[in-house]
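Novice: Mind looking over this structure? Questions follow.
Laboratory data are not the source of any read-out in this text; all were calculated from the coordinates shown. What you see is a predicted model; the values in this text were computed from it and never measured.
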Amino acid sequence: MAEPDGVSGRVETPAGTAIPDENEPGAVATSQPRPFDCGLKGLCPRCGVKTLFAGWIKFADRCRACGLDYAAFNVGDGPAAFLTLILGALVTIGAVALELTVGPPLWFQLLLWTPVTLAGVILSLRIAKGGLIALEYRNAAREGRLKQ
């Protein structure tokens, strides 16, 4: 786990790159991980340390290395709804194709497609949620506001 060095307020990541303290004037992180890597590997979008997820698809409260508050980001249900449609279509196409070519019994179809669907949802949801939070951080996305 990365620890502040106590003198400059900088945090050393496992890769050895220093992350400036955000209170330090002119502090800019040297390189940010790609959004896909944030989702797949669970990397913090600011510092690149593996702290994004507390479980398979549950976000941690904040980064243990740089202190980025993940609760401030609003990923919402967009990835879940989008992935449900995509995976539902792919599984349906696969099940129909298997039925028309081989004609297995119903119990085989259920045994095959249930774990495929669950694994696909969990893995793709993790990647989508992590990527979306990384894009929100990178683009400083905030809720829209009407000018009054």
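Novice: Across 5 Å bins from the origin, how do the percents of Cα pairs in the range 50-143 run, short distances first?
Specialist: P(r) over the range 50-143, rounded to whole percents: 2, 12, 19, 18, 13, 10, 9, 7, 5, 4, 1.
Novice: Related question: Using Cα-Cα distances under 8 Å and only pairs 6 or more residues apart, what relative contact order does the range 53-141 have, in percent?
Specialist: Normalised by residue count, the contact order of the range 53-141 is 37 percent.
Novice: Here's another thing I want to ask about it. Residue separation times 0.36 nm, minus the C-alpha to C-alpha distance between LEU100 and ALA81: what's the value?
Specialist: Gain in length upon complete extension: 4.0 nm.
Novice: Once a ≥ b ≥ c are taken as the square roots of the eigenvalues of the Cα gyration tensor of the range 95-148, is the result rounded (a/c under 1.5), prolate (a/b larger than b/c) or oblate (a/b not larger than b/c)?
Specialist: Prolate shape, in that a/c is at least 1.5 and a/b is the bigger ratio.
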